[in-house]
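Read the structure below first, then the notes.
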Ligand SMILES: CC(C)(C)OC(=O)N[C@@H]1CNC[C@H](C(=O)N(Cc2cccc(Cl)c2Cl)C2CC2)C1
């Protein structure tokens with residue numbers, strides 16, 4: 001009998017409120033990796049022992065060595081992912097993956113080439129996609145689907161808590177099979193996933209203060225645990241920044257830290273509920289040597305049709321709203337995070 005009654009928690013590390021990752025093992029004996037549990041993708045990849053020494057991003061991370069695992073199964077099929085922000089190339093292997101204490105035989109990619117950008121900034125080794133199977137490249141069964149087919153989870157859901165303060169411990173928590181009441185208050189409000197097979201919902205508007213300014217006719221919002229920020233169509237975000245008096249510089253939108261407490265809330269209308277972010281939720285306040293820097297955690301990103309135009313609600317949204325991803329009922333639940 002499972003000591004955690006059909007649920008399996010994994011503590012997460014919070015790196016600068018922008019990267020949240022937890023530990024999994026692959027192989028026998030266990031080889032440990034830090035991975036982002038990413039609802040915006042559906043494949044598992046980790047750096048490979050056979051990655052080229054010239055791939056700095058690969059070399060500075062933990063690497064999987066199939067020859068050291070007695071449960072390794074050769075595959076060798078080529079694999080590549082083209083992110084908006086970078087490229088991962090390698091080949092497929094199969095081995096036992098353990099996540100939250102649950103073992104699953106899994107086809108995954110060994111990365112032999114990782115683009116320096118952005119992976120040299122990554123504190124994590126790889127990515128474990130928590131998306132639906134139809135987002136999976138090469139039709140590979142995602143990890144969570146492999147676990148659901150074992151019928152050991154109390155519910156076919158997983159939940160995510162992201163802490164808002166890097167010093168907070170744990171930096172977050174992934175729960176397979178349920179939710180963790182330690183990290184939310186009140187009840188869940190649910191929104192149906194709009195397009196079967198993506199962690200995407202219909203958004204009814206985006207308000208600044210009490211004025212609906214964007215997505216007035218409705219639009220699509222992706223709830224993406226693997227994105228650091230909130231992104232929206234570049235024109236909308238640029239208008240939003242003008243409204244709050246933020247300037248764009250080479251590393252994002254900045255505001256004068258003295259004015260932060262006067263900034264309006266930004267509210268996302270999902271399902272029958274309004275999800276407000278206050279300036280505490282969307283400003284990253286960093287104290288540097290040359291003074292304080294206040295970054296607005298919104299980015300303009302134009303996703304081409306038919307996928308776009310979309311808004312992507314990332315870590316800073318999830319840090320405020322504890323999120324339950326429900327595969328049983330194809331819906332997403334939000335509760336106020338503690
Ligand atoms: C189309 C398809 C390829 C499936 O799209 C995706 O996979 N889309 C992914 C959607 N979720 C975010 C992913 C992403 O941007 N990164 C890079 C990243 C994010 C935050 C911080 C850092 Cl340092 C980095 Cl490197 C992966 C780590 C999750 C892309």
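Every number in this text was worked out from the coordinates using simple rules, so none of it is lab data. Source: prediction; values computed, not measured. Methodologically, a virtual Cβ is constructed for each residue, glycine included, from the backbone with ideal geometry; neighbour enumeration extends over all protein chains shown.
General remarks:
- Helix-derived mean residue ellipticity, 222 nm - over the chain, DSSP H n ≥ 4, -39500 (n - 2.57), to 500: -2500 deg cm²/dmol
- Share of pairwise Cα-Cα distances greater than 20 Å in the stretch 10-74 is 36 percent (whole percent).
- Put in line by how crowded their Cβ is, counting other Cβ atoms within 10 Å and starting with the fewest, 81, 99, 312 read 81, 312, 99.
- Convex hull volume per residue, computed on the Cα atoms of the stretch 250-295, equals 79 Å³.
- Ranked by how many other Cβ atoms sit within 10 Å of their own Cβ, fewest first, the residues 251, 80 fall in the order 251, 80.
- Dimensionless Rg over Rh [the stretch 113-195; C-alpha; Kirkwood]: 1.01
- If the convex hull is drawn through the Cα atoms of the stretch 247-338, its volume per residue in Å³: 140
- Computed over every Cα-Cα pair of the chain and binned at 20 Å starting from 0, the pair-distance distribution P(r) comes out as 31, 58, 11, 0 percent.
- Fewest-first sequence of 302, 74 by Cβ atoms within 10 Å of each Cβ: 74, 302
- Calculated P(r) tail over 23 Å for the stretch 80-158, as whole % of Cα pairs: 27
- Distance from the stretch 124-177 to the stretch 286-322 (C-alpha centre basis), Å: 21
- Computed over the stretch 4-109: relative contact order in percent, which uses C-alpha pairs under 8 Å that are six or more apart: 25
- Here the stretch 38-119 is described by how far its Cα atoms reach on the three principal axes: 32, 29, 23 Å, from widest to narrowest.
- 0 to 90° range, to nearest 10: angle between helix 234-244 axis and the chain longest Cα axis: 50
- Within the chain, percent of DSSP bridges classed antiparallel, to nearest 5: 85
- Residues residue 115 and residue 288, FRET efficiency given R0 of 22 Å [Cβ-Cβ distance, rounded to 0.05]: 0.20
- For the stretch 221-311, the antiparallel share of DSSP beta bridges with both residues in that region comes to about 80%.
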